[in-house]
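Asks: Before I ask anything, let me first share the structure, which is written out below as structure tokens.
The values are calculated or read from the model by the stated rules, or taken from the named source; none is laboratory data. All values reported here derive from a predicted model rather than from experimental measurement. Here the Cβ is made from the backbone with ideal geometry for all residues, glycine too, and neighbour counts use every protein chain on show.
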Amino acid sequence: MLLQCDIDVYYAVDSQFHPAFYQHLTASFYPQLKIYSISSKEAAEQIPHPLDLVFIDADHAEGAVVHDICLWLPKVREGGIVCGHDYASPKWPGVKAAVDRVLGNVKLLDTKGVKLWIYEKLP
């Protein structure tokens, strides 16, 4: 996305990122990339909003997905997008259950057998 889109700031949150890896990425290739190697909750408290797009792809358990949606949805601007993948995956049934429970009807996009769920935050 960083190569194909005109993005001013791209925030990535992954508690498993190694600091040396992302220092290399940001310094060498993507100065607009801001990586947070902390929990989703901590990142939601630190990252400014409104955001245009949030892609959720962390713990795939139903409760964790519900938690992430509830953390990030308020930070997304009206007309912005909250999305993620592994919707309807037999391996990750909690993703679909959580998305359906919190967001209801979402758009789906099949990308090489992986279903993305897409929710537009309307006014």
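Asks: For the range 5-32: of the residues being modelled with pLDDT under 75 and of a type in the set (A, V, I, L, M), which is nearest to Asp68 (Cα to Cα)?
Replies: The extreme case among them is Leu25.
Asks: Show the residue pairs that are 6+ apart or on different chains and have beta-carbon atoms under 8 Å apart, the first residue being within the range 100-123 and buried (at least 16 other Cβ atoms within 10 Å of the Cβ), the second being at pLDDT below 90 and part of a strand (DSSP E or B).
Replies: Lys115/His85; Leu116/His85; Leu116/Asp110; Trp117/His85
Every residue, every condition in (1) assigned to a loop (DSSP other than H, G, I, E, B); (2) touching a residue at least 40 places away in the same chain (Cβ under 8 Å), yes or no:
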site	(1), (2)
Pro48	yes, no
Asp52	no, no
His60	yes, no
Gly63	no, no
Val66	no, no
Ile69	no, no
Glu78	no, yes
Gly84	no, no
Ala88	yes, no
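Asks: For the subset of the range 88-99 comprising residues that are surrounded by 15 or more Cβ atoms within 10 Å (Cβ to Cβ) and in contact with an Asp or Glu (Cβ under 9 Å, 6 or more places away or on another chain), which member is farthest from Glu120 (Cα to Cα)?
Replies: Trp92
Asks: Moving to a separate point now. Kindly indicate which of Gly94, Gly104, Gly113, Gly80 is closer than 28 Å to Asp8 by Cβ, over 11 Å from the mean Cα position of the chain (by Cα), not assigned by TED's automatic domain parsing to the domain that holds Gln16 and not hydroxyl-bearing (Ser, Thr, Tyr).
Replies: Gly80
Asks: Identify, from the list Glu120, Glu42, the residue that is in the same structural domain as His18 (by TED's automatic domain parsing), charged (D, E, K, R), at pLDDT 90 or above and in contact with a strand residue (DSSP E or B) (Cβ under 8 Å, 6 or more places away or on another chain).
Replies: After ruling out the rest, the residue left standing is Glu42.
Asks: Yes or no: the range 44-52 includes at least one residue that is closer than 22 Å to Asp8 by Cα, out of contact with any helix residue (DSSP H, G or I) (no Cβ under 9 Å at 6 or more places or on another chain) and among the β-branched types (Val, Ile, Thr).
Replies: no
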